[in-house]
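The values are calculated or read from the model by the stated rules, or taken from the named source; none is laboratory data. Please read these numbers as outputs of a predicted model, since none were measured by experiment. Here the Cβ is made from the backbone with ideal geometry for all residues, glycine too, and neighbour counts use every protein chain on show. Ligands, DNA and RNA are stripped out before the accessible areas are found, and what is left, the full protein with its side chains, is counted by its heavy atoms. Shrake-Rupley method; radii C 1.70, N 1.55, O 1.52, S 1.80 Å.
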Amino acid sequence: MAEAYRAIEVSRPGVFTLVRKPLVDPGPQHVRIRVETCGVCHSDSATVDGLFPISYPRVPGHEVVGRIDMVGDGVRGWTVGQRVGVGFLGGACGYCEFCRGGDLVNCRNQEYTGIHSDGGYAEVMTARASGLMSIPNELSSVAAAPLLCAGLTTFSALRNAPAKAGDLVAVLGIGGLGHLGVQYARHMGFEVAAIARGADKEPLAMQLGAHHFTDSAATDPAAALQALGGAKVILATASGGKTAGTIFKGLRPGGVEIVLGVGPDPIEISSRDLIFGTRRLEGALTGPPAVGDATLRFSVLTGVAAMIETVPLEEAPAAYARMLAGKARFRMALSMTAASSSPERTTQSEAVLS
Ligand SMILES: [Zn+2]
Ligand SMILES: [Zn+2]
């Protein structure tokens, strides 16, 4: 009988099932990975709730770290035993018009990990080699996992933003993305304004590196940013469309608000605020693998780290529920090596709080 591995699949919308799947060889241009850790991301709800057309059953998970145990035909540059990461973008084709133009994020033939193909809520997964990221030795697999989506998304958006050293950059929301965004913004040399609901978030925001904090429940955050001269960049990590619209007035002329959080409600912005001051509103979708490599290296260099709660694979449904309820502090990660009956639950947050 073929070797089997454990996976948590979504058998139909809203239903997680622990299954055993047969081990199969990777196809051409693909590698097979022994997964060590997979982060739990808000975008996993696309699989759980069927927001995309999904062919069930489907294994979610797109913050995957593991070791290559087999390479398919035609794979160059990756070797068996190498520790690699897989993010949301499953790997670009290399030949479509966007790839030919160097825009790998918008590749026409790219699958989304855990949506179009099985992801990392499993002991084994197969991935397209063109989407792999290289994990530095300095990072544990658990520490690296959230950086492959939450980290890459905030790092890439800030790296491509027009702000220069010393400019005011605002981070809206101190959650899974925002707690990394504040750290990256600080280490990139910006003046950092953190905005979140509730004064209780202030000590953490300052520990993460913010220079200013605004409690959006008590103070108009746009006015607070204008009092500081107006933000060159606003990183909107909270998913509420209303908040993303309100904060837009906090931009200085020539500034840009970058939306990272997907939500159902529209973002309302007046054409007057957009035109007078030539401001921009734009979206950003994670980033290409080379920027993922840069995210990991920059995190090692600067000590930027996610706060992570780790649980065994079979606790994935509970971890997902905790993430969705906004109770995770701040990212959840599934460990494939934790004993299956282990009550052990570790929190890795010292790196941030020290
Ligand atoms: Zn994600
Ligand atoms: Zn392409």
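Table for the structure above
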| read-out | value |
| --- | --- |
| The stretch 119-185 shape via C-alpha gyration tensor axes, a/c threshold 1.5 | prolate |
| Residue-by-residue Karplus 3J(HN,Hα) for the stretch 187-198, coefficients 6.51, -1.76, 1.60, Hz, glycine and proline x | 6, 7, x, 8, 7, 10, 10, 9, 10, 8, 7, x |
| Percentage relative contact order, the stretch 239-346, counting C-alpha pairs under 8 Å, at least six apart | 21 |
| Calculated FRET efficiency for the pair R34/F98, C-beta based, R₀ 35 Å, to 0.05 | 0.65 |
| Check: the stretch 1-154 dipole with +1 on Lys, Arg Cβ and -1 on Asp, Glu Cβ, in debye | 160 |
| Under-5 Å amide H pairs with G255, H placed in peptide plane, nonlocal only | R280 |
| Solvent accessible area, Å² - M70, 1.4 Å probe, full protein context | 60 |
| Debye intensity ratio in log₁₀ form over the Cα atoms of the stretch 1-89, taken at each q of 0.20, 0.24 Å⁻¹ | -1.08, -1.28 |
| Whole-number percent relative contact order across the stretch 114-199, with pairs defined as alpha carbons under 8 Å at least 6 apart | 24 |
| Computed Kirkwood radius, in angstrom, where 1/r is averaged over Cα pairs of the stretch 194-296 | 14.6 |
| Low-density loop cleavage sites - trypsin sites (Lys or Arg not before Pro) in the stretch 128-177, where at most 16 other Cβ are within 10 Å (DSSP) | K164 |
| Assigned charges on the beta-carbon of Lys, Arg, Asp, Glu; the chain dipole about Cα centre (debye) | 400 |
| Cα centroid of the stretch 88-109 to Cα centroid of the stretch 191-232, whole Å | 37 |
| Whole-angstrom gap from the stretch 124-169 to the stretch 1-73, using each part's C-alpha centre | 21 |
| Rough spin-label spacing in nm, given labels placed 7 Å along Cα→Cβ, for L18 and A223 | 5.4 |
| Distance (nanometres) between label positions extended 7 Å along Cα→Cβ at R272 and L324 | 4.2 |
| Span per principal axis, largest first, for the Cα atoms of the chain (Å) | 68, 49, 39 |
| Helix-only mean residue ellipticity at 222 nm for the chain, each DSSP H run of n ≥ 4 adding -39500 (n - 2.57), per residue, nearest 500 | -6000 deg cm²/dmol |
| Normalised convex hull volume, the stretch 135-231, alpha-carbon set, Å³ per residue | 98 |
| Whole-number percent relative contact order across the chain, with pairs defined as alpha carbons under 8 Å at least 6 apart | 16 |
| Degrees, to the nearest 10: 289-302 long Cα axis against longest axis of the chain | 70 |
| Three-way shape label, the stretch 61-158, alpha-carbon gyration tensor, a/c 1.5 | oblate |
| Rounded to the nearest 20 debye, dipole of the stretch 103-259 from Cβ charges on Lys, Arg, Asp, Glu | 400 |
